Every structure is written in structure tokens, then in C-alpha cells.
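Shown next, in C-alpha cells, is the structure this report addresses.
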């Protein structure tokens, strides 16, 4: 009797990724590891693997991929895109997976940071570092940093506590609205 192979939870997950802007090229990925070889993040974050993530998408491991905190480690340097012999654009595939992760309601430091960043641009037309940090890491994250934020503020390196919108905020909102819902 042969052992039963694990069944994918979402066998058509790769199609959802392929229909998401940026994820179209997942079908041409050869899984050659060229992206892995040049990724600077993989050297520092062992849990992150471009090739491994794409392999899990193809295996139908939707929940595993969309809830993986390592997905948010990508710095979007696009070294993987430049080295890909099949022009699969792995960096764009990771961006598409992040989008799907946000749509699925993922929670964690990465998704909260992305939403705080976007909300800052939408609300004020610029990034307010202190607010993005607080919305991302929360008060607990601030305490984990210890005295570092106070040392930075003491040396004049802290962000401004004032947060006011830019003069052309209506133009920014109009541009964002023209881009469609996200």
C-alpha cells in the first residue's frame, strides 16, 4: 500500500496569484533558484525564500503562504527580477502575494506597517514616521526598543510629533482614487 500524498488545501491558488496584478508571471517560473542566489534578504532572514514561497503557491498552500510573516521581509530590491532567466519577475509575485495577504485580513507587523504607510499617504500626503511606527509595532513594540527612541529624540533624530497634511492633499487623494480600490 502506497502512502497517501498530502492534498493541497487550495489546488488552484496559483491561478488566483496569476490573476492578481504582478502575479501573472508565476506560470513561467522555472524554479531554477536564480532568485534565491541573489536575494540579499535570504542571507539575513532564513525563513524567507522567494523560490520556496513560489513552490508553496504551486503546491496549493494558500493559508501557509498568506499568513507567513517572512513574506513581508522582502525589501523590493528586485535583484531577483534582474537575475531571473525566464523573466518571471519574482519580486512582483511577492508583491501580489502581499496584496492577497492583506485582502485575506493577515495580521502581523508587516501587514500593519504596509497599511499604516498607505493610510499616512492617504490621510496626510506624506509619511509620518512616529505614527507609522506606533500603528505598526504598537506600544509593546516601543517598549521592546528600550531607550533607543528616547536616545534618538535626544540627539535630534526623532520624527516630528506634528502631523499636518501637505497643501496639495486633495490632489494626492484624487490620484489615489484614480488608481482604483486597494
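Average 1/r across all pairs of distinct alpha carbons in the chain, invert it, and you get the Kirkwood radius: 18.6 Å. Once a ≥ b ≥ c are taken as the square roots of the eigenvalues of the Cα gyration tensor of the stretch 61-130, is the result rounded (a/c under 1.5), prolate (a/b larger than b/c) or oblate (a/b not larger than b/c)? Here the stretch 61-130 falls in the oblate category. Label-to-label distance, residue 32 versus residue 67, with points set 7 angstrom from Cα along the beta-carbon direction: 3.5 nm.
In this calculation the C-beta distance from residue 103 to residue 169 is compared with R0 = 30 Å, giving a FRET efficiency of 0.70.
Listed highest first by mean packing, meaning other Cβ atoms within 10 Å per residue, what order do 9-20, 132-143 come in?
Details: 9-20: 15.9, 132-143: 13.9.
Peptide ranking by packing, descending: 9-20, 132-143.
Name the shape class, rounded, prolate or oblate, that the alpha-carbon gyration tensor gives for the stretch 109-178, where a ≥ b ≥ c are the square roots of its eigenvalues, rounded holds for a/c under 1.5, and otherwise prolate holds if a/b is larger than b/c and oblate otherwise.
The shape class here is oblate.
For the residues 165, 90, 111, a GNM of the chain with alpha-carbon springs under 10 Å puts the largest fluctuation on 165. In this simple spin-label model, placing a label point 7 Å from the Cα along the Cα-to-Cβ direction at both residue 113 and residue 75 gives a separation of 1.2 nm.
As an exercise, use a Förster radius of 25 Å and the Cβ-Cβ distance of residue 12 and residue 86 to find the FRET efficiency, rounded to the nearest 0.05. Show your work: numbers first, answer last.
Working: r = 22 Å, r/R0 = 0.87.
About 0.70, to the nearest 0.05.
None of the figures in this text is laboratory data; all of them are computed from the coordinates on show. Keep in mind that this is a model prediction, so the values were computed, not measured. Virtual Cβ from ideal backbone geometry, glycine too; neighbours counted across all protein chains shown.
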